[in-house]
Structures are given as C-alpha cells and as structure tokens.
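Peer 1: Mind looking over this structure? Questions follow.
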Amino acid sequence: MDRRQQAGREGEEIAARYLEHLGWSVIERNWRHGRDGEIDIVARQPEPAPGGALVICEVKTRRGMGFGSPLEAITVAKVRTLKRLAGAWLAEHPGHWAVVRIDAIGVLVRPGQEPDITHERDVTR
Amino acid sequence: MNLARAKSIALIGMEATIVEIEAWIGPGLPRTVIVGLPDTALYESRDRCKAAVASTGLAWPGQVVTINLTPATLPKAGSHYDLGIAAAVLAAHRIVSPVLLEDLVILGELGLDGRVHAVRGVLPALICAYRRGITRAVVPASQMREAGLVEGMTVSPVASLADLIALLNGDPTPPVSAAPPEAPEPSAIGDDLSDVIGLRTEKWALEVAAAGRHHLYFHGPPGVGKTLLASRLPTILPDLTVSEALEVASIHSLLEPAAITGLPVRPPYSDPHHTISLAALVGGGARIARPGAVSRAHRGVLFLDEAPEFPAKSLDCLRTPLESGEILLGRSETQVVYPARFQLVLAANPCPCGFAATPGASCGCTPMAIRRYAARISGPILDRIDIHQHITPSRLSLTALYHGGEESSSVVAARVAEARDRQSRRYRGLPWQVNAEVPGGHLHNAMPSPQGIDLLEAAVSRGHLTPRGADKVIRVAWSIADLDANDRPEADHLKAALALRSGEPLPRRHHDQRR
C-alpha cells in the first residue's frame, strides 16, 4: 500500500467515524462492483423516519490544499459513476428505501492538526 | 445570507449601462459559473478571479458559486468586470463587508497575482455612471487621473485586490496607492508656421480656416508645401474648452487603456495614410463598432494627404459626419454613435504627374487622365469644403530661406483666438460655437447680412455657386470679418471669401494685407 492509498484509507476511517458521530450507521465499506468502481461508504441516515435514508458516500482525502480543496477533485464523470454504482448496490441488496442520496465527504489531513471535514449532501442535484 | 451584489458598467460605444454583479454561494460540489451573456474575455474572468483571490492569501468558496450579471439580456464584453466579480464573491463569502458595495461602481482587470490592471473606457463609463446618480467608484490606481476628471465623483484607486479588500472593510489606514506622476502634455508638435517660407495667401487661408473651423482643400504640384502648411494647422488652433477636452479624452480612453493622464489641452490631429481601411477611418469592428480616425480627430483636425489616392468609397463615407458631426455605426449586436466633429483638410496633386496647371512646368498627363484624377474626390465632398486653395510654387529666391521674419504660429494663434472669442460672444447660449457650424436659418434670419450680398446673388444666378455654397461663402466672410475685428462682414470680406471658395487669386486688398 503506497502513501496515497494509505492516506485514502485513513480518510475513509475518519469519515466513517464522523458519520457514526452524526448518529448514522455504516452499512458497508469499500463495496466493489466488478470493473465499475467502488463505493467508499454505504450508510443509513436515521431521518427521515421511518426507515431513514440510504446514503452513498464518496470520500476524498487530501494532505494539503496544494491541489485545491478535496471536493474539487470530484468531477462530473465521478458523480455519474457513483449514480451507476448506487443502482448496482440497490439491485444486489434487498430492501426498500424511501430516500436514496449521494453525499461527498472531503477530508483534509494535515500533520499535527485535527482533520478538516467538509460534508456536501446530495451532490447529484 | 450568502448572496452579495456589486456594481460595474457595460460600455457600448460611448453609452454606459450600470451592470449589477450578483454572486450566490450555494450547496453542491465546488464549481463556479458565470451567467448573463458574457463574452470570452469575461468568461475567462472566473479563472483570473480565482487565481487572484488565492494569490491574495484567501480561499475561493468551496461550493457552487453562481455569478450573474444583470440586465442578463445586455451583451457584456471585456475584462473590466474582474474586480467587481471578485468583490461580489468575497462579499457573499463574508470576507469583505457588503455594506460599502452599495452605490459603488468597480472597474478593473485582475492579474493572476492579484494586481489590478488598467482598462479601456474608464472616463466615459464614469461620466455616464455619474449621470445615473452614482457618486463613488473604484478604479485601477494607474487610472486615477483619468477618473479624477469626472467632477463630483469620489474615486478610490486600488493597485491590488488586497487594496480593495482593505477599502471595503473600512480599513482605518488604507494603503496609499500612489498614482503615477503626471506625464507632461505632449508638446504640440514641434512644427511652427514660421517653417513655411512665403505662401502668404495660403497662410492667410489657413488662418481663416482656423478662425472659423472651416474645411480646407489645398491642391498644387508636389513640393510646394501643401503638407507642410496643412500639418501646421493644429499649431494655430485655440486650446480645447473643458467640455471639448472631456469629449476628446472620452474617445481616446475607449481606444487604449490608461492613455489619459490629464485633460488634453491641444486639439487632436489625425493624418491617416491613404491605404487606411474603411473601418479604421470611420470606425468599425465585429459585434460592437470601435471609433475610427474621424472620431480620433473629433474637435481637431483630420488631414488626408494625397486625397485622390484614398478609395472613393472611404472619402464618400465622410459626407455624413461632415454634416452631422457624428457617425452612427451599426453592427450585429447593436448600433453606436461616436462624435466626429472634425475639421477636414485635404491635400492633392492636380493630376497623376502633379504638374497640371502649374506655370512654367510641363505636365505629361492626357486631359482624360487629369479629369479622372480630379474626379476621385467626389462633388458632394468638394461642395462641403469652404476654402479651396491652389498653391503654385513660391517665386521667392532661396536667400529668402535665411531671411527669417516669417510669422510664428503663436502670433497667428493669438489672432485666431481673438476671432474665436468674437464668435463665442456672438453665439453665446447657442449650440454652436464657430462660424462653420452656424445653421443656414440662423445665418439668414438672425445675423446681419454682409454688405455687397448682391455679388453672391449674381454668382448663384449664374450657376457658379450652389445655395449651400453661397451659405458657406457667407460663413467664411464672417470668419474674415472676425479676424479683421469687424462686427459685420464688408463687401471686401465677402469678395475674399468668394475667392477662397472658388480657389481663385484673392482680390488686391487681402493679397497685400500681410506685407
């Protein structure tokens, strides 16, 4: 695992903890669907009740602002892929969801500082 | 609230519209869009603003930034919105206070390093903004003097984006952005009328033309001093009045950013080469036309040397501005009106070889060639010219070159200025200031008719003169009378004017008047 992947894992770990801190439950992590790609985190947001919302989370981690903010790295093409992956996940997992949403979480990890989390909800709008 | 507004100006020709720049920061993945009919230079503004904000050490909002320029249907062009866009975004982002952005117009282009660069048209834009009740403006520091010409406008110069942020946050010690030292007025061409030896009649014709702002046509063989004489006209014209100078500065401000360092004093002079394109002569360009040489010469002199070499179409396009003093240019996006009240001076050879009708020279051109050459300047243009002079070679010996004693421009300019004073007293409160611009109705009804007017009537009835031509003779007669400090043209003045009009030798008295 190289430094970049390591940072990515670390960022996903931080994001998962952050979601649990919000009161959400993480259903699955790093779900792969063949060559299409990977969903970083699948989570359930308790509201709106009943049943809550299914949230597909894309986590972007950066170790500095040199290449822009983490969320700037999420392109239109990436959002399209996430939509496709969300469909695939729903097809493979039984159950009904009143709300399905895609969120983006940016994690800025800088040595000696608290990680900086930016959470942008419903990025497909 | 994450919405903020700033104001800038859209300049279409000389007319300005206040443009409101709205910036809204909303949820979503980071991206920035500009809406409201921007052109390419304006769309690139987004990237310049982002870089400038980053170079200033601030963060561009990491969300959806929508920038709207209203009225959205008005096409907007240029780079001068940069500073306003940056201000609106920073205010929406709460980095600067939006309070001071009310009723403040912002003009300036941003460099990637956050410096503010000069833009075109600051003067006409601010004049229009002031008329629309806006009294505060932010301009590039290098254009402080230009903006300062607008009376009543409070102008804040900024050299960088950081300056603007300090200003908007009411920083108690705003950075002093020194305006560049005032450039000295480029000394009115080093030429002087005393460079011209002899040619007393022609010099006097030039003086009359200067006094009443009459159009002038010199023809004669090569080397007799047509160009020399014509290029001295600006040196004997009076200084511009303040309102004229503002008009001149406004046009020149449109042509080049940061060209104006103060109010121009001397009338402009434009002498385009005869290969000039039509668009460069009268103004033109894609989408929105830009001013041409006729507007560059507004309130000054447009000198067309070797006039028959100009394309006939170009010359004929001068007809409308010669009449109305402005030019209307329609292009795909809109039509614009530029002022073009210039004094036309033409110089021409009488034939392709140049020696037709010159005593003592032999012309090798066929009569047809001479006629064709002369016909290149159309009748309607010639009819609009008040003073025609055929210059023949001076009979002075070369020793006269060292004799000196020719009148200098300043002496002649003093007489011209006196004649202009008489005119401005006579035309006080009227929309025209010089004899050449007096409309026919006023000339006939409100001013005393010159003595010996029957002379003109005879010329008209014999068909030597058109009615418009007769009016022009009367106007020139007034200018001659003004130079002679007479309250009303005498018969002699009228005779001299008639001779100037037809390009004939002058009657005795005026020939001898100047030694």
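Read the figures in this text as sums done on the coordinates, not as results from a lab. Predicted model, so just to flag it, every value in this text is computed and none were measured. Cβ coordinates were reconstructed from backbone atoms using ideal geometry, including for glycine residues, and neighbour counts include every protein chain displayed.
Peer 1: Quick check: the angle from helix B:467-483's long axis to the longest principal axis of chain B, C-alpha only, nearest 10 degrees?
Peer 2: For helix B:467-483, the angle is close to 90 degrees.
Peer 1: Roughly speaking, what is the centre-to-centre gap between the stretch B:133-150 and the stretch B:310-342 when only Cα atoms are used, to the nearest Å?
Peer 2: The stretch B:133-150 and the stretch B:310-342 have Cα centres separated by 30 Å.
Peer 1: Ok, one more. Could you compute Rg(Cα) / (2.2 N^0.38 Å) for the stretch B:199-406, with N its residue count?
Peer 2: 1.10
Peer 1: Which of the GluC sites (Glu not before Pro) found in the stretch B:50-156 are in a DSSP loop and have at most 15 neighbouring Cβ atoms, other than their own, within 10 Å?
Peer 2: Hits after loop and neighbour filter: B:102, B:151.
Peer 1: What does DSSP give for the stretch B:3-168 in terms of the percent of beta bridges that are antiparallel, rounded to the nearest 5?
Peer 2: Bridges in the stretch B:3-168 that DSSP calls antiparallel: roughly 55 percent.
Peer 1: Run through all the Cα pairs of chain B and give the fraction in each 10 Å bin from 0, expressed as whole percent.
Peer 2: With a bin width of 10 Å, the distribution comes to 4, 17, 23, 20, 14, 11, 7, 3, 0.
Peer 1: Quick check on packing: order B:463-476, B:83-96 by the mean number of other C-beta atoms within 10 Å, highest mean leading.
Peer 2: B:83-96, B:463-476
Peer 1: For chain B, which cysteines have no disulfide-compatible partner, meaning no other cysteine Cβ under 4.7 Å?
Peer 2: Lacking a cysteine Cβ partner under 4.7 Å: B:49, B:128, B:317, B:353, B:363.
Peer 1: Still on this structure, please answer the following. Counting only DSSP beta bridges with both residues in chain B, tell me the antiparallel percent, nearest 5.
Peer 2: Approximately 50 percent, going by the DSSP bridge assignments.
Peer 1: Relative contact order (percent) for chain B, with alpha-carbon contacts under 8 angstrom and 6 or more residues of separation?
Peer 2: Reported as a whole number, the value is 13 percent.
Peer 1: Return the whole-Å distance between the Cα centroid of the stretch B:1-25 and the Cα centroid of the stretch A:57-125.
Peer 2: If we compute the Cα centre of each part, the gap is 35 Å.
Peer 1: Convex hull over the Cα atoms of the stretch B:81-124, averaged projected area in nm²?
Peer 2: Quarter of the Cα hull surface area: 3.5 nm².
Peer 1: Cut-off is 10 Å between beta-carbons; in what order do B:67, B:106 appear when sorted fewest neighbours first?
Peer 2: In order of increasing Cβ crowding within 10 Å: B:67, B:106.
Peer 1: Collect residues whose amide H, placed 1.01 Å from N in the peptide plane, falls under 5 Å from the amide H of residue B:138; neighbours closer than 5 in sequence don't count.
Peer 2: Those lying under 5 Å, H to H, from residue B:138 are B:105, B:106, B:107, B:156.
Peer 1: Another question about this same structure. Using a cut-off of 17 Å between alpha-carbon atoms, which lysines can reach residue B:226, once sequence neighbours fewer than 8 places away in the same chain are excluded?
Peer 2: Qualifying lysines at Cα under 17 Å: B:203.
Peer 1: May I pose another question? Would you list, by chain and number, the lysines whose Cα falls below 17 Å from the Cα of residue B:472, excluding same-chain residues fewer than 8 positions away?
Peer 2: Answer for residue B:472, where 17 Å is the Cα cut-off: B:495, listed by chain and number.
Peer 1: Enumerate the amide H contacts of residue B:269 below 5 Å, restricted to partners 5 or more residues apart or on another chain; note that Pro and chain-start residues carry no placed amide H.
Peer 2: Under 5 Å from the amide H of residue B:269: B:301.
Peer 1: Follow-up. Restricting to bridges with both residues inside the protein assembly as shown, how much of the DSSP beta-bridge set is antiparallel, in percent to the nearest 5?
Peer 2: Among the beta bridges of the protein assembly as shown, antiparallel pairing accounts for roughly 55 percent.
Peer 1: Reachable lysines from residue B:7, Cα under 23 Å, same-chain residues fewer than 8 places away excluded?
Peer 2: Straight-line reach from residue B:7, under 23 Å: B:50, B:76.
Peer 1: Could I ask something else about it? For each of B:492, B:487, count neighbouring Cβ atoms within 10 Å of the residue's Cβ, then give the residues from fewest to most.
Peer 2: B:487, B:492
Peer 1: Got a sec? How would B:9, B:197, B:391 order by Cβ neighbour count within 10 Å, fewest to most?
Peer 2: B:197, B:391, B:9
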